[in-house]
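Participant: There's a structure below that I have some questions on.
The values are calculated or read from the model by the stated rules, or taken from the named source; none is laboratory data. The model shown is predicted, which means the values in this text are computed figures rather than measured ones. Using ideal geometry, Cβ is built from the backbone for each residue, glycine included, and neighbour counts are taken over all protein chains shown. Areas reflect the complete protein model, heavy atoms only, side chains present, ligands, DNA and RNA absent. Shrake-Rupley method; radii C 1.70, N 1.55, O 1.52, S 1.80 Å.
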Amino acid sequence: MEQGFHASADSPLRVQVVVFGGVEELDFVAPVEVLGLAGRLSGGAIETTLVTTGEPGRVRCAYGTELDVAHGWSPHGADVIVVPGGGYNRGDGSGVRKVMADADFLARLAAAEALPVGICTGTMALAAAGITKDRNATTHHAAKADLAAHGATVVDARVVDDGDLITGGGITSGLDVAVWLVERFLGVGVAHRVESQMEYERRGTVWRR
């Protein structure tokens, strides 16, 4: 998407949040909450949709929450694609590890024109798609060495905005990534209103190149 894009009710930011079996609940719920509230406060300047990596269907999350997801990911229908993590260290090939092994999804992710956003170990799915190579990025502390091994320059920041790639650290950083997206595309005023409504104060550093 174009640099400097400012979302409005007439030209909303279309965000798709990917969910999959074993996804960490807070990794995706936090962005959905923040972006949904921002959309409401801005009169519809953000539209947020939960999507699967493939066909629509039921998704069972890391701690047993089950979701009926009505939409599969459509890269042409998104300005931003948010990829959360979950289960990276379980060692059973489930969760984000299964996403990282899905060659079809990774190919579509790499080819998409939507802004990729990695939350926690969701960044490792972006890395598996080749998106973080030679880029500034961050992820959960337990995966930072792996991210570097994929060719990224690992930045120790809560949120890393590398222009056409945004990544966040561990699980709760999804809150801060999402509020940063609101500020970047709707302005600081809406971002502050979201923080006030949620009674949440952003943590850590937003690193920008």
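Participant: How are the Cα pair distances of region 26-84 distributed, in percent, across 5 Å bins from 0?
Facilitator: In order of increasing distance, the bins hold 4, 16, 24, 27, 19, 8, 2 percent.
Participant: To the nearest 20 Debye, how big is the dipole of region 94-148 about its Cα centre, given +1 on the beta carbon of each Lys and Arg and -1 on that of each Asp and Glu?
Facilitator: Details: 6 positive and 5 negative charges, 27 e Å.
In debye, rounded to 20, region 94-148 gives about 120.
Participant: Can I ask one more? If DNA, RNA and ligands are ignored and the probe is 1.4 Å, what is the ranking of 58, 193, 135, 209 by accessible area, most exposed first?
Facilitator: Details: 58 155, 193 125, 135 50, 209 175 Å².
Ranking 58, 193, 135, 209 by accessible area, largest first, yields 209, 58, 193, 135.
Participant: Please compute P(r) over all alpha-carbon pairs of the chain, binned at 5 Å starting from zero, and give each bin as a whole-number percent.
Facilitator: The calculated distribution, bin by bin, is 1, 8, 17, 22, 22, 16, 10, 3, 0, 0.
Participant: Ignoring ligands, DNA and RNA, what percent of the 1.4 Å accessible area of the chain is carbon and sulfur?
Facilitator: Within the chain, the accessible surface is 47 percent carbon and sulfur.
Participant: Consider all pairwise Cα distances in region 126-167 and report the whole-number % of them above 15 Å.
Facilitator: Numbers: 223 of 861 pairs.
When all Cα pairs of region 126-167 are counted, 26 percent exceed 15 Å.
Participant: Please express the shape of region 98-209 as an equivalent ellipsoid: the semi-axes are the square roots of 5 times the eigenvalues of the C-alpha gyration tensor, given largest first in whole angstrom. Don't skip to the end; give the middle numbers.
Facilitator: On the way: eigenvalues 123, 44, 30 Å².
Computed over region 98-209, the values are 25, 15, 12 Å.
Participant: If you place +1 on the Cβ of every Lys and Arg and -1 on the Cβ of every Asp and Glu, how big does the dipole about the Cα centre of the chain come out, in debye to the nearest 20?
Facilitator: The dipole magnitude comes to about 300 debye.
Participant: Would you work out which of 32, 87, 67 lies farthest towards the positive end of the dipole of the chain? Charges go on Cβ: Lys and Arg +1, Asp and Glu -1.
Facilitator: 87
Participant: Given region 60-209, what percent of its DSSP beta bridges are antiparallel, to the nearest 5?
Facilitator: 25 percent
Participant: Calculate the dipole size of region 121-174 relative to its Cα centre from +1 charges on Lys and Arg beta carbons and -1 charges on Asp and Glu beta carbons; express the result in debye to the nearest 20.
Facilitator: Magnitude of the dipole: close to 120 debye.
Participant: Then there's this: Which whole-number percent gives the relative contact order of the chain, counting Cα pairs below 8 Å spaced six or more residues apart? Working shown, then result.
Facilitator: Working: 497 pairs, mean separation 43.3, N = 209.
RCO, the chain: 21 percent.
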